[in-house]
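The values are calculated or read from the model by the stated rules, or taken from the named source; none is laboratory data. Quick caveat, the model's predicted, so the values are computed rather than measured. We place every Cβ from the backbone using ideal geometry, glycine too, and count neighbours over all the protein chains shown. Quick note on the areas: whole protein, heavy atoms, side chains included, nothing else; ligands and nucleic acids left out. Shrake-Rupley method; radii C 1.70, N 1.55, O 1.52, S 1.80 Å.
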Amino acid sequence: MKNINITLLMGVAIAIFLGAMAFFPHWFTSQDPNTQQPRIQVEERVIDGETVKEYLRPPHPPNSKAWLGTDGVGRDLWTRLVYGTHTTLKAVILVVFFRFLAAVPAGVLAGMKFPLFSKGLRVFNTLFTTIPSLIFSFIILNIEYIRNLPLNRAMPIFVIVLTIVGWPKLGRQIEERTERIMREDFIEGEVALGKHRGQILKENILPHLTPSLISWGFIEMGLVLFLLAQLSILGIFIGPSQGAMVIDGAPQWFTAVNAEWSNLLARAPIDIRAGHYWLVLFPAAAFFIGITGFNLIGEGLKEEFEKRDSRVVSWIQRGIHQLSPVLYIRQIGEFQKYRFPIVIKTAAAIMLIGFILYPGAQSLYLFDGEQSWEHLEHLMDQEGKEGVQNYITEKLEGAALVKPMDDSYIFSSGKEHQQETMIGIIPGKNWEKIMDPDARGTKESLVIIGARYDGIYRGEELISPTRATAAANGITLAETLRETGEQLEQTLMFIFWDGNGAEFNIDEPNRYMVRPVIPHSRVNYTYIDIGYIPRETQRSLQVSLYTSKAQQIQFQQLMYDLQSTLDRNDLRYHLTMNLRGSGAVAGLSLSSMFSIGVGEEYYSFMEGEPPDPSTVHKTFLEQQGQCILDMITMTDHFNGGNPD
């Protein structure tokens, strides 16, 4: 028992547990981190012998369904902690890696009396002593632009900022340790033998410094995690936020989109005052466990490195030795003797290089931005709303979309209404089953792509080129998907809404839901709304994801696929979840499996917009179309059957 390093064992056990949560979250929870439990929960209590019903709104305290409770919008706290582990640890590891990348060469060279590096370290240390790292990080990371960035784009900025504030102190530690090594008697002996500083660095400094670097690495991970916890109390976390409890168009407060530890503490002062103890206690406990685990490993390794016969030190030395490129080259010279380790190392190197250099998934089909731009110009050349209708009908006819209404594309929701919504269908492999009135069993999948075409004209006067962007991209998508010659798994329905010039197009989608072209009893449908694109002066395109059936779909995977598609097209976007977005999304969302809105339904600049297509952001137009095309053709949620 005397030789057992309890400190190290406890730290390693915590690290293994956190690693398992990060890479295998489904081992720990079967729920989705973005699934919202019912907004109102009914709880029965017996008071004075009478059963009383209480109607509770989130956040819900720990209970049988959510044993750590839920957050303010009803998401399970335990599941958010589990899935957030991956993002949090990724940030911690990246920050520590880059801190060491900057601090090791600077600290070692400063410790070996290179004046430039010594002075540089003193300047940076003085700077971050004068301006505390927490305040500096808060000022930079609290910039609105950074706060609204999607997770993958916010992560590098967090890593850079937290690296900048931490590497000078680490570099100073390394400098002091190097100076102590340089004062050792054996260094004087090496100098007397005629060795230059490069040889001393390689053969003496680095071998003696490595144990300290390994130990400091884990301690540094604890420090970075602690800094993230401090920033979270100040409302700073990785990834964007979205409005919650929207009343009269204004959010009452904001909540995080992505699962990540620090955003769970962003409202800690408010939650404490409100008595929601679980929203502070459990995320704080997660930080405490993580920080403690990394510190235990660091301190435990220190103990091992002080032993002369430590097995841990021996294993580390062997591991470092086996990773040596020099050893690999020597082993290749004796291939027959070392063929097994050579094969393993070569395979690992090829996999690593392939992982770094392998390009991401490419679009299966290219969206023709010029073709969409031509449609935009033609829509602006029509004679009023009727001309726009005729143009869209002509293009649907030319693309050979199926007419669902008595040999017509016009959908009339009733004689008393003046709206004329147009619908065309691209049959998928499940089309015959959808149209079979005798079909029984599971519902078939249908993808509805909607775009507004009204509001381009007032009478015969062109009033808004931007209002033509949705219809232009809708026509181009229909033509592109038809021209591929390949039949998708799911049937596609293109709807060109006539919102009758209203700011919020809700009436026509609601009427469609009452009398749909294809009965709800036959299909499970998803909805993609093609919104209007912003001006070039605006920073990002609004993307909204909403579902009322999160329990029936893989919502976390859906969000990941959506973000990957947006990132692949290098689109500047702001993602929100479970905020209904456009009127069509609001009208169709409660019955759809999920709805995605790409673009806004209204911009104030569209009022009084000059009748000039040059005001339209052409790049956004093409990126919006390509993203929607990739969603439909490259994700299982749209082209792989039911995502259950």
Discussion item. Anything in region 119-142 that is among the β-branched types (Val, Ile, Thr) and either closer than 11 Å to Gly171 by Cβ or surrounded by 14 or more Cβ atoms within 10 Å (Cβ to Cβ) (or both)? List them, or say none.
Written reply: Ile140
Item to complete: Would you check which residues across region 398-409 are touching a residue at least 12 places away in the same chain (Cβ under 8 Å) and farther than 17 Å from Glu374 by Cβ and list them?
Response: Ala400, Leu401, Val402, Lys403, Pro404, Met405, Tyr409
Worksheet item: Residues of region 145-173 being more than 23 Å from Lys90 (Cα to Cα) and open to solvent by 70 Å² or more (accessible area, probe 1.4 Å), which ones?
Response: Arg172
Fill in: helices (runs of 4 or more DSSP H) wholly inside region 119-204 that include at least 3 residues being of a type outside the set (D, E, K, R)
133-141, 151-182, 185-192, 197-200
Worksheet, complete the sentence: Within region 381-391, residues more than 21 Å from Arg511 (Cα to Cα), open to solvent by less than 30 Å² (accessible area, probe 1.4 Å) and of a type outside the set (Phe, Trp, Tyr) come out as Gly384, Gly387, Val388
Response to the item:
Note on region 441-455: residues open to solvent by 10 Å² or more (accessible area, probe 1.4 Å) and either assigned to a strand (DSSP E or B) or out of contact with any helix residue (DSSP H, G or I) (no Cβ under 6 Å at 6 or more places or on another chain) (or both) are Gly441, Thr442, Lys443, Glu444, Ser445, Arg452
Discussion item. Looking at region 487-512 only, could you name the residues that are closer than 28 Å to Arg458 by Cβ and of a type in the set (A, V, I, L, M)?
Written reply: Ile495, Ala502, Ile506
Item to complete: Please tell me if Arg511 is within 24 Å of Asp454 (Cβ to Cβ), modelled with pLDDT under 80 and either open to solvent by 10 Å² or more (accessible area, probe 1.4 Å) or in a strand (DSSP E or B) (or both).
Response: no
Item to complete: Check region 460-472 and report whether any residue there is in contact (Cβ under 8 Å) with a residue 24 or more places away in the chain, among the small types (Gly, Ala, Ser) and open to solvent by 20 Å² or more (accessible area, probe 1.4 Å).
Response: no
Worksheet entry | Tally of residues being modelled with pLDDT under 80 and open to solvent by less than 100 Å² (accessible area, probe 1.4 Å) across region 357-369 | 3
Fill in: Residues located in region 582-640, provided they are among the hydroxyl-bearing types (Ser, Thr, Tyr), open to solvent by 10 Å² or more (accessible area, probe 1.4 Å) and within 20 Å of Asn34 (Cα to Cα)
Ser591, Thr635
Discussion item. Can you find, within region 59-78, the residue that is most open to solvent (accessible area, probe 1.4 Å) among those that are under 14 Å from Leu281 (Cα atoms) and not in a loop (DSSP other than H, G, I, E, B)?
Written reply: Trp78
Worksheet item: Taking Val95, is it open to solvent by 10 Å² or more (accessible area, probe 1.4 Å) and in a helix (DSSP H, G or I)?
Response: no
Worksheet item: Based on what the data block shows, is Gly354 open to solvent by less than 50 Å² (accessible area, probe 1.4 Å), of a type outside the set (S, T, N, Q), modelled with pLDDT under 85 and at negative phi?
Response: yes
Discussion item. Looking only at region 399-427, count every residue that is more than 14 Å from Gly450 (Cα to Cα), open to solvent by less than 50 Å² (accessible area, probe 1.4 Å) and either of a type in the set (A, V, I, L, M) or modelled with pLDDT under 85 (or both) and tell me the total.
Written reply: 9
Response to the item:
Checked region 272-295 for anything in a helix (DSSP H, G or I) and free of Cβ contacts under 8 Å to residues at least 40 places away in the same chain; matches are Ile272, Arg273, Ala274, Val280, Leu281, Ala285, Phe288
Worksheet item: Ile434 passes all but one of (1) assigned to a helix (DSSP H, G or I); (2) out of contact with any His (no Cβ under 7 Å at 6 or more places or on another chain); (3) open to solvent by less than 10 Å² (accessible area, probe 1.4 Å); (4) modelled with pLDDT of 90 or more; which number fails?
Response: (4)
Worksheet item: Given the conditions (1) among the polar types (S, T, N, Q); (2) touching a helix residue (DSSP H, G or I) at 6+ places or on another chain (Cβ under 9 Å); (3) open to solvent by 50 Å² or more (accessible area, probe 1.4 Å), and given that Thr484 satisfies all but one, which numbered condition is not satisfied?
Response: (3)
Discussion item. Just the residues that are open to solvent by 10 Å² or more (accessible area, probe 1.4 Å), assigned to a helix (DSSP H, G or I) and either of a type outside the set (A, V, I, L, M, F, W, C) or within 27 Å of Phe24 (Cβ to Cβ) (or both), please, taken from region 100-118.
Written reply: Pro105, Pro115, Ser118
Response to the item:
By residue number, the members of region 230-242 that are in contact (Cβ under 8 Å) with a residue 60 or more places away in the chain and not in a loop (DSSP other than H, G, I, E, B) are Gln230, Leu231, Ser241, Gln242
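Okay, residues lined up against (1) modelled with pLDDT under 80; (2) open to solvent by less than 10 Å² (accessible area, probe 1.4 Å); (3) not in a loop (DSSP other than H, G, I, E, B):
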{"residue": "Ile475", "(1), (2), (3)": "no, yes, yes"}
{"residue": "Glu489", "(1), (2), (3)": "no, no, no"}
{"residue": "Leu492", "(1), (2), (3)": "no, yes, yes"}
{"residue": "Phe496", "(1), (2), (3)": "no, yes, yes"}
{"residue": "Arg535", "(1), (2), (3)": "yes, no, no"}
{"residue": "Arg539", "(1), (2), (3)": "yes, no, no"}
{"residue": "Leu558", "(1), (2), (3)": "yes, yes, yes"}
{"residue": "Asp570", "(1), (2), (3)": "yes, no, no"}
Worksheet, complete the sentence: When restricted to Leu68, Leu101, the only residue in contact (Cβ under 8 Å) with a residue 60 or more places away in the chain, out of contact with any Gly (no Cβ under 8 Å at 6 or more places or on another chain) and aliphatic (A, V, I, L, M) is Leu68
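Residue-by-condition table, conditions (1) open to solvent by 40 Å² or more (accessible area, probe 1.4 Å); (2) in contact with a helix residue (DSSP H, G or I) (Cβ under 7 Å, 6 or more places away or on another chain):
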residue	(1), (2)
Glu260	no, yes
Pro269	yes, no
Ile272	yes, yes
Val280	no, yes
Gly290	no, yes
Leu296	no, yes
Leu301	no, yes
Trp315	yes, no
Leu323	yes, no
Worksheet item: For region 466-485, which residues satisfy the criterion of being of a type in the set (A, V, I, L, M) and farther than 15 Å from Gln389 by Cβ?
Response: Leu477, Ala478, Leu481
Worksheet item: Going through region 498-508 one residue at a time, which ones are open to solvent by 30 Å² or more (accessible area, probe 1.4 Å) and not in a loop (DSSP other than H, G, I, E, B)?
Response: Asp507
